[in-house]
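The values are calculated or read from the model by the stated rules, or taken from the named source; none is laboratory data. Predicted model, so just to flag it, every value in this text is computed and none were measured. Here the Cβ positions follow ideal geometry from the backbone for every residue, glycine too, while neighbour counts run over all protein chains shown. For the accessible areas, the whole protein counts, side chains as well, though only heavy atoms, and no ligand, DNA or RNA atoms are used. Shrake-Rupley method; radii C 1.70, N 1.55, O 1.52, S 1.80 Å.
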Amino acid sequence: MHQFFVEKSQVGKEYVTITGSDVNHIRNVLRMKIGETIRISDREGGNYFCKIAETGENFVQADIVSVDEEGTELPSKIYLFQALPKGDRMETVIEKAVELGVYEIIPVAMKYCVVKLEGKKAAQRVQKWQAQAETAAKQSKRSLIPKVSEPVSYKEAVAYAMKLDQKLVPYENERGMAATREAVEAVRPGESIGIFIGPEGGFAPEEIEAVKGEMKLISLGSRILRTETAGFTTLAILMYHIETSCPEKSN
């Protein structure tokens, strides 16, 4: 079943009106027919199973068959503070993080980051990343499209994270999984969670010192993971814990 996103204003009592680029995608790429079932999310938590009723040059009308009350979102909002990686690794990070349930991705410029993004170049890259987040959200049947923020400094990222309930920092020099298990098990469904992922060169000592006592340093095992792998691993662990801790999700 294909997934599409609309604005809340496009959802009526009995039908949803799809406009924009999705119209061409439905009509000419997917070649969907009248009567086919699709899933539509309104970006605000509303999810609907619909049947295509009418297609026009600039719109597709889909009748609402039922409301998806359960949805697909985690009961906790996870914020991924990802150090800017080299090459096209950010695209991979975004795709997989969205699939795993991330709420927002915040690219962070850290001391050992090779990539530098500023001004117009940063804005163009974020626009591309946001489009990738939308594609991944459609593929994974998300109820919302995670936001990809403008790149921020490490100091700005730490200040932003301080409002969150839980803050986790996978750190390559941290040893032992007991603290990791304790930190993960302390997370309760509904809490907001920040994950800080360092760059290819790792965290600078002063970056770790800046968050000691404020964030929980954890280990992801005895092997050194790539920056993109560290994010996936932490998200997967949290997703499993949160979903199995929430009665509505575990049944």
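In the assembled protein chains, MET32 presents an accessible area of approximately 20 Å² (probe radius 1.4 Å). A dipole drawn for the chain from +1 and -1 charges on Cβ atoms has a positive end, and of GLN132, PHE59, VAL23 the residue lying farthest that way is GLN132.
Once a ≥ b ≥ c are taken as the square roots of the eigenvalues of the Cα gyration tensor of region 50-107, is the result rounded (a/c under 1.5), prolate (a/b larger than b/c) or oblate (a/b not larger than b/c)?
Working: a/c = 4.34, a/b = 1.86, b/c = 2.34.
In terms of gyration-tensor shape, oblate.
Shape class for the chain: prolate, because the ratio a/c of the largest to smallest gyration tensor axis (alpha-carbon atoms, square roots of eigenvalues) is 1.5 or more and a/b beats b/c. This model, with +1 at the C-beta of Lys and Arg and -1 at the C-beta of Asp and Glu, gives region 60-190 a dipole about its Cα centre of some 700 debye.
Spacing of the modelled spin labels on ALA131 and GLU14, each 7 Å from Cα toward Cβ, amounts to 3.8 nm.
Rounded to the nearest 10 square angstrom, HIS241 shows an accessible area of 30 square angstrom against a 1.4 Å probe.
In the structure displayed, which of LYS86/LYS147; LYS128/LYS212; LYS51/LYS138; LYS33/LYS141; LYS13/LYS163 lie more than 28 Å apart, Cα to Cα? If you can, show how the numbers build up before the last one.
On the way: LYS86/LYS147 21 Å; LYS128/LYS212 34 Å; LYS51/LYS138 17 Å; LYS33/LYS141 21 Å; LYS13/LYS163 37 Å.
Beyond 28 Å: LYS128/LYS212; LYS13/LYS163.
Helix 227-245 against the longest principal axis of the chain: what's the angle in degrees, Cα atoms only, rounded to the nearest 10? Once rounded, one gets 70 degrees.
With a 1.4 Å probe and every protein chain left in place, work out the accessible area per residue of the chain in Å², rounded to a whole number. Mind showing how you got there, number by number?
Numbers: 12720 Å² over 251 residues.
Heavy-atom accessible area per residue stands at 51 Å².
If DNA, RNA and ligands are ignored and the probe is 1.4 Å, what is the ranking of ILE145, ILE224 by accessible area, most exposed first? Numbers along the way, then the final one.
On the way: ILE145 30, ILE224 125 Å².
I get ILE224, ILE145, largest accessible area first.
When a 1.4 Å probe is rolled over the protein heavy atoms, the share of accessible surface on the chain that falls to carbon and sulfur comes to 49 percent. Fully extending the segment from GLN124 to GLU214, taken as 0.36 nm per residue of separation minus the present Cα-Cα distance, adds 29.1 nm.
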